[in-house]
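What follows is a set of notes on a single structure, which appears directly below.
The values are calculated or read from the model by the stated rules, or taken from the named source; none is laboratory data. In this text the structure is predicted, and so the values were computed from the model without any measurement. All Cβ positions, glycine included, derive from the backbone under ideal geometry; neighbour counts span all protein chains shown. Accessible surface is based on the protein model in full, side chains and every heavy atom, while ligands, DNA and RNA are left aside. Shrake-Rupley method; radii C 1.70, N 1.55, O 1.52, S 1.80 Å.
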Amino acid sequence: MRRPLHALATLSFTLLAHCGSDPVPAPATDVPATRDTSAADAPDVVVVDAADASTDAPALDVTADVATDAARDATTLEAAADVVLVDAAMDVGIDVAPDVAMDAPTDVSTDTGADASSDGGDAACIPTVLADPYASQRAACHFTAGARVRDTLGLDDRTRAALPIRTVVVVMKENRSYDQLLGRLHDRGQPASEAMPAGFTNPDARGVAVPFTHAATTCSSYDPGHQWDDMHAQVDNGLMDGFVAAAARSAGGDGHLAMTYFDQDDLPFYYWLASTFAVNDRHFASLRSGTFPNRNFMLLGTADGVRSTGGGYPAATTPSIFDRLDAAGVAWGAYSDGSYFSGSFAWTTAHRGTHSFADLLRGLDAGTLPPVVFVDGIDNVEDEHPDGNVQQGEAWTRTLYDHAVRSPLWPGLAMIWTYDEAGGFADHVPPPNAACVARPGPTDAAYVELGARVPFVVVSPWARAHSVSHTVQEHTAVTRFIEAVFDLPALTARDANSPALLDLFDFSCGPSLLHPPMAPAAGTHGCFGGCRVSLDRATYRPGDAIRASFAGCPGNDPIDWIGVYPYVAASPGLPHPGSTLWQYVGGSHAGTTMPTSGTITLDASALGRGPWPLPAGSYTAYYLLHDQYRVVDAVDFTVAP
């Protein structure tokens with residue numbers, strides 16, 4: 001059980017009366033404050049000892065005591081908004097040298113748009129990062145399994161225990177490169193993020209130079225090859241010129257869709273998230289291959305001999321991050337309405353520690369989440385794997401974010417948003433060829449070439465606001481961050497020699513994003529944007545037939561359909577198996593015609609899970625593609641008592 005301790009018991013603190021201006025302006029927000037954090041109300045400075053930042057209960061046992069402790073921690077951490085976590089004995093200079101052995105020098109500084117000065121002559125609080133005295137040893141792969149962060153990062157026990165992070169939420173999505181998702185960030189409010197080069201091209205089979213092109217839709221079914229052979233061909237020993245050819249070979253067509261990107265108008269929330277919080281533009285996949293081995297690296301510190309997705313599962317005896325957490329008495333949970341870890345561990349809902357996405361939202365709202373959380377969206381829908389609608393996945397992430405910033409846990413929470421691999425979509429930055437071998441022996445010897453860059457953002461009140469890190473890292477940096485927060489030994493040499501994301505945080509000036517600015521809504525109408533659905537009325541009585549009309553729709557699939565779901569404010573409200581009512585666009589439960597426009601009737605003949613008549617309440621009707629759950633358009637309606 002977590003108990004707050006007075007600061008003097010662990011570390012000396014400096015309390016600043018004036019800590020300078022927030023690096024990011026904080027206009028009125030739609031996120032309510034949990035309490036007034038003005039200096040007049042601040043109690044004596046306290047810190048929660050991270051050594052006690054675990055629960056004694058099993059992963060599935062969420063008790064009232066946990067909720068009480070979480071609320072106490074939240075009050076403690078929020079009251080510390082003006083506390084500077086500085087050990088007088090520490091060197092606070094910035095040192096974020098590369099931590100993966102590389103073939104060429106790379107810029108690894110941290111850029112921030114924050115102005116360290118304050119208005120009106122107040123003393124400025126200068127953001128700093130923790131010293132990193134062992135960067136060169138990590139680059140040389142000096143450390144091995146079992147190493148603690150005090151040995152590999154110079155993070156002494158007092159400083160580590162004073163880290164204010166109490167809850168880590170890892171959101172790993174599917175198959176998008178950095179350039180495809182955030183390549184325009186440089187031109188959209190975050191100039192420190194590396195831009196897509198104007199002259200970057202890939203040749204197609206005819207020798208035509210194919211440049212980056214804005215994606216015509218957010219729900220393309222184009223799915224380039226992204227396993228070992230295809231990814232090595234795409235990177236082409238660092239030339240980064242094989243994406244189009246590999247896509248044409250594996251997915252058909254001319255391969256040009258591998259060069260598409262999304263802009264801020266397509267994904268406004270994602271661009272805002274990356275610009276407001278801390279982004280790393282040198283985060284690579286752990287391996288030049290697919291989902292399974294890359295997920296394994298984050299959870300095991302090794303691919304454990306799994307070369308590609310579908311190529312087997314890790315040995316049950318291989319130590320995992322869950323074993324380390326269990327041994328330390330730190331509770332954890334895996335949350336999804338689809339496949340946990342995208343199927344890489346073959347877990348089912350019967351496995352210990354597994355929960356639904358609704359459980360995650362309830363845990364955030366109540367402050368009862370376990371300290372370490374992994375969350376996955378529904379496969380090919382919310383996880384953004386093609387042919388999922390990326391805007392639909394963005395809306396799911398926005399829902400998760402909304403619950404996180406309103407949670408009692410927010411003052412001590414860090415949410416990591418990233419992707420397991422690039423999915424065969426182009427990126428211009430060559431990945432390193434010589435990461436650390438995870439374990440001695442032949443099993444891991446070949447697994448040292450990193451994959452293409454993927455988006456990576458830390459969302460936390462303690463994130464270094466509006467900043468870009470260029471530190472070279474891969475997925476075991478997430479593993480090492482969890483090990484740093486909860487004082488766990490490294491699983492393998494790979495995570496032992498990884499950085500721990502600390503340059504993405506600012507623990508020196510208090511949480512500048514405790515009350516973040518208002519976030520934009522997720523993008524809409526990027527999937528067949530001309531297709532619209534409407535209803536004959538906005539309000540119905542129980543038993544009334546609902547006439548749903550559609551126009552401007554694809555008209556190329558007889559099993560496009562319209563489904564009705566209850567609207568639930570506390571959940572994402574996105575469609576999933578189990579619609580209340582549904583009909584194919586031809587007007588029945590048999591897909592026979594494929595009109596671009598028309599009207600269907602939703603009544604007892606359209607019964608899905610039911611019930612019918614619809615009870616009083618709020619509902620949403622969705623236009624969905626190909627008998628699946630990709631949203632094109634939606635309209636809300638009410639059934640009155």
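Work through the residues other than TYR335 whose Cβ is under 11 Å from its Cβ and net out their charges, Lys, Arg +1 and Asp, Glu -1.
That works out to -2.
Under a 5 Å amide H to amide H cut-off, with H placed in plane at 1.01 Å, what residues pair with TYR540 once short-range neighbours are removed?
THR638, VAL639, ALA640
Report the paramagnetic label zone for ALA604: residues of the stretch 514-556 whose backbone N is under 18 Å from a point 7 Å from Cα along the Cα-to-Cβ axis.
Of the residues in the stretch 514-556, 541-547 have backbone N under 18 Å from the label point off ALA604.
Considering all alpha-carbon pairs of the stretch 223-265, what whole percent are spaced by more than 13 angstrom?
The answer is 49 percent, as a whole percent.
Let me check I've understood the local charge: for THR580, count other residues with C-beta under 13 angstrom from its C-beta, Lys and Arg +1, Asp and Glu -1. What total comes out?
0
Taking amide H positions as placed 1.01 Å from N in the peptide plane, with prolines and chain starts having none, which residues 5 or more places from ARG630, or on another chain, fall under 5 Å of its amide H?
LEU625
Mind jotting down the distance between the C-alpha centroids of the stretch 409-427 and the stretch 347-364, whole Å?
19
Percent of accessible area on the stretch 480-633 owned by carbon and sulfur, 1.4 Å probe?
That share works out to 55 percent.
Given a 1.4 Å probe, how much area per residue of the stretch 560-641 is accessible, in Å²?
Per residue, the stretch 560-641 has 41 Å² of solvent-accessible surface.
Within the stretch 166-207, what whole-number % of the accessible surface is contributed by carbon and sulfur, with the 1.4 Å probe and all protein chains included in the calculation?
So the carbon and sulfur contribution to the accessible surface is 52 percent.
Taking the highest mean first, how do the peptides 239-245, 425-431 order by number of other beta carbon atoms within 10 angstrom per residue?
Sorting 239-245, 425-431 by mean packing, highest first, produces 425-431, 239-245.
For GLY591, what charge total do you get from the other residues with a beta carbon under 14 Å from its beta carbon, if Lys and Arg give +1 and Asp and Glu give -1?
Net of charged neighbours comes to -3.
Relative contact order for the stretch 146-267: what is it in percent, counting Cα pairs under 8 Å that are at least 6 residues apart?
Answer for the stretch 146-267 is 25 percent.
Using the per-residue mean of other Cβ atoms lying within 10 Å as a proxy for protection, in what order, highest first, do the peptides 517-528, 490-501, 599-610, 462-473 fall?
Packing order, densest peptide first, comes out as 490-501, 462-473, 517-528, 599-610.
Can you sort TYR271, TYR222 by 1.4 Å-probe accessible area, starting with the largest?
TYR222, TYR271
Let me know the shape class of the stretch 361-445, please: from the alpha-carbon gyration tensor, a ≥ b ≥ c as square roots of the eigenvalues, rounded when a/c is under 1.5, otherwise prolate if a/b is greater than b/c, or oblate.
oblate
Within 10 Å, count the other beta carbons around each residue, average over each peptide in 584-594, 362-372, and list them highest first.
So the order, starting with the most tightly packed, is 362-372, 584-594.
For HIS186 paired with ILE559, estimate the spin-label separation in nm (one decimal), with each label point 7 Å from Cα along the Cα-to-Cβ line.
4.3
Note down the relative contact order for the stretch 519-597 as a percent, whole number, built from C-alpha pairs under 8 angstrom at least six residues apart.
Over the stretch 519-597, the number comes to 29 percent.
With a 1.4 Å probe and every protein chain left in place, tell me how much accessible area VAL390 has, in Å² to the nearest 10.
Approximately 0 Å² for this residue.
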